[in-house]
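Undergrad: Here it is: the structure, laid out below.
Just so it is clear, none of the values below were taken in a lab; they were calculated from the coordinates. All of these numbers come straight from a predicted model, not from anything done at the bench. Positions of Cβ are backbone-derived with ideal geometry, glycine not excepted, and every protein chain shown enters the neighbour counts.
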Amino acid sequence: MSRLQTIESWQNLKNRYEETKNLHIKDLFSIDPNRFEKYSVEVGDILFDFSKNRIDDKTLSTFQELYAQLNFRKKLNAMFKGEKINNTERRSVLHTALRNFTGEPVYVDGVNVMNQISDVLHQMKKFVHSIHSGEKLGFSGKRFTDIVNIGIGGSDLGPAMACAALKPYAKYGIQAHFVSNVDSSDIAETLKIVDPETTLFIIASKTFTTQETNRNAVSARKWFLSKTGDNQEHIAKHFIALSTNELAVRDFGIDPENMFEFWNWVGGRYSIWSAIGISIALFVGWDNFEALLKGAQAMDEHFREADLTQNAPMMMATLSVWYSNFFNAHSQAIIPYNYYLNRFPAFLQQLEMESNGKSYSKTGTKLDYYTAPVIWGEAGTNAQHSFFQLLHQGSRFIPVDILAAVNNPNPIENHQAMLFSNVIAQSEALMNGKSLDDAKRELRINGLSDEDVNFLAPHKSFEGNKPTTTILFKSLTPEVLGSLIAAYEHKVFVQGIIWDINSFDQWGVELGKQLAGQILPKLNLLDVEPDRDASTNALIKYYNYHKK
Ligand code: F6P
């Protein structure tokens, strides 16, 4: 049996589930009119409303006991203090240090990493200014107009999501492009629209050994040289690297002068705050990048200080565990009602699923409970016209996070009011549903026969009692975005503490990578391989037969 199952409060949560599983959220509001005040939290310009969830005081106090029994505070401080909590890679986990403006030192192996961080921030700031001011120009003396970030996973999703989210803050007329996929169409489509004389290529890779990124970087370099007279010296002006691996950066042909360093205690999916964020700074300016970091820092402080019911990331994690492990929720939907947050669900997919998609405890015991749910989502209101049917009437239990800004940077007549009315309506509808009797009453009012009423009513009734967490913010500013990302990062950390897993490694992505490496040379051979199964051999043969 896993350690978690032996903890008394965990067993008490099972009882609590049995006692409360049939309670309806709308009844919880009738019982306790102060529910919203109790179960909502404001952090800076963000309001987290947890009150439309299937929780009550007793359940939360049982979680409170669980956190105490798990020594949660001690574990939280261990992360912020740089202890090597990533035990399978023997590394500290210090993305929080990257946005630490408190002046407090943070040590790894006796070294205050704040000095290195501030050096790189300084180097980044200088570089960003020199591009914006025109001090640094392309090889032909023209200003940079485009940046192409070549990276994948954490070296792509964070900056790509943030550049999309902060588009209204873009200045200096720089277009940001992101190439991640080894599918050649990704780089080809980007290279069709950029000008080699005015494009800066940013090779973003923590390890600098990632197959897709290296392949794309080589293709970009080849294209660049072919368009610029094959002059290797031009590379220095148009290629920079963001990495922890100086040797590989040199090997690729990028001068370490043009390398922005980060460190192995920054996880890929937590690296937006590091040099990996340089494309954000180039796109929206240094002041806005710094505001993003400061927003995250504000969330760090909140997370370190607030008690459970007033602690946004802890509440998010508590609800996720409550639903995953007791209500058997297999997935969690993320619905930003915000055009600019369209990449936020994809970013959270990596953050949550790569971090907590694990089946073994930190000490190597096979777990006997569920860990990370599937994270998925799409911007509203579009999502309402695709999968909301399933959220409302499907047979799965799916908690939903709804995110929305009150103010729109592009106000046009009543668009924003219409958008916002959908935010409110959906969380209300998911909670209230519509009873069979109400459905029948409505059909009768519309003049339907008894037979039609009885036939149609079940199809027109909604169970309701579907939990939502609504996260509202005044406007989607860089500070707000920083705080939101940090809230989800900490949610993932808290989940990992409860599930007793290392949220900071990702061994699960290795096997596919290894096999792809083995298969690549075989794609030119027609012979079947006796060691491979018939399906794999047939698929290889199909490729070889049909390729042009
Ligand atoms: O997919 C696995 C992974 O290691 C991610 O964790 C990481 O963000 C991504 O690949 C890219 O890695 P790198 O930045 O080293 O190229």
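Undergrad: Determine whether the range 125-135 contains at least one residue that is part of a loop (DSSP other than H, G, I, E, B), touching a helix residue (DSSP H, G or I) at 6+ places or on another chain (Cβ under 7 Å), more than 19 Å from E261 (Cα to Cα) and more than 16 Å from the ligand (Cβ to nearest atom).
TA: No, the range 125-135 contains no residue that is part of a loop (DSSP other than H, G, I, E, B), touching a helix residue (DSSP H, G or I) at 6+ places or on another chain (Cβ under 7 Å), more than 19 Å from E261 (Cα to Cα) and more than 16 Å from the ligand (Cβ to nearest atom).
Undergrad: Turning to a different aspect of this structure: When residues of the range 199-217 are filtered for being out of contact with any His (no Cβ under 7 Å at 6 or more places or on another chain), crowded, with 18+ Cβ neighbours inside 10 Å and over 17 Å from E246 (Cα atoms), how many remain?
TA: Number of matching residues: 2.
Undergrad: Out of the range 199-231, which residues are of a type in the set (F, W, Y), over 23 Å from G134 (Cα atoms) and within 16 Å of the ligand (Cβ to nearest atom)?
TA: Taking the range 199-231 first, the residues of a type in the set (F, W, Y) are 201, 208, 223-224.
Retained after the next criterion (residues that are over 23 Å from G134 (Cα atoms)): 208, 223.
Across the range 199-231, the qualifying residue is only F208.
Undergrad: Turning to a different aspect of this structure: What number of residues in the range 26-68 are buried (at least 18 other Cβ atoms within 10 Å of the Cβ), farther than 19 Å from M431 by Cβ and among the small types (G, A, S)?
TA: Summing the residues that are buried (at least 18 other Cβ atoms within 10 Å of the Cβ), farther than 19 Å from M431 by Cβ and among the small types (G, A, S) in the range 26-68 gives 0.
Undergrad: Going by the structure shown, is L292 away from the ligand (no atom under 16 Å from the Cβ), under 30 Å from A417 (Cα atoms) and either among the basic types (K, R) or assigned to a helix (DSSP H, G or I) (or both)?
TA: In short, yes.
Undergrad: The conditions are (1) assigned to a helix (DSSP H, G or I); (2) surrounded by 15 or more Cβ atoms within 10 Å (Cβ to Cβ), and V93 fails exactly one of them. Which is it?
TA: Result: V93 passes all but (1).
Undergrad: Right, another one. Hey, can you tell me all the residues within the range 156-180 that are in a loop (DSSP other than H, G, I, E, B) and under 28 Å from F139 (Cβ atoms)?
TA: Within the range 156-180, the first condition is being in a loop (DSSP other than H, G, I, E, B), and the residues that meet it are 156, 166, 170-174, 180.
Selection gives D156, A170, K171, Y172, G173, I174, S180.
Undergrad: Look at T477 and say whether it is of a type in the set (S, T, N, Q) and surrounded by 18 or more Cβ atoms within 10 Å (Cβ to Cβ).
TA: So T477 fits the description; yes.
A quick yes/no check of all residues on (1) within 30 Å of Y370 (Cβ to Cβ); (2) under 31 Å from the mean Cα position of the chain (by Cα); (3) of a type in the set (A, V, I, L, M):
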position	(1), (2), (3)
K460	no, no, no
T477	no, yes, no
I485	yes, yes, yes
G496	yes, yes, no
F504	yes, yes, no
L520	no, yes, yes
D531	no, no, no
T536	no, no, no
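Undergrad: Can you pull out the strands (runs of 3 or more DSSP E) entirely within the range 323-424 that have at least 2 residues that are without any contact (Cβ under 8 Å) to a residue 60 or more places away in the chain?
TA: 374-377
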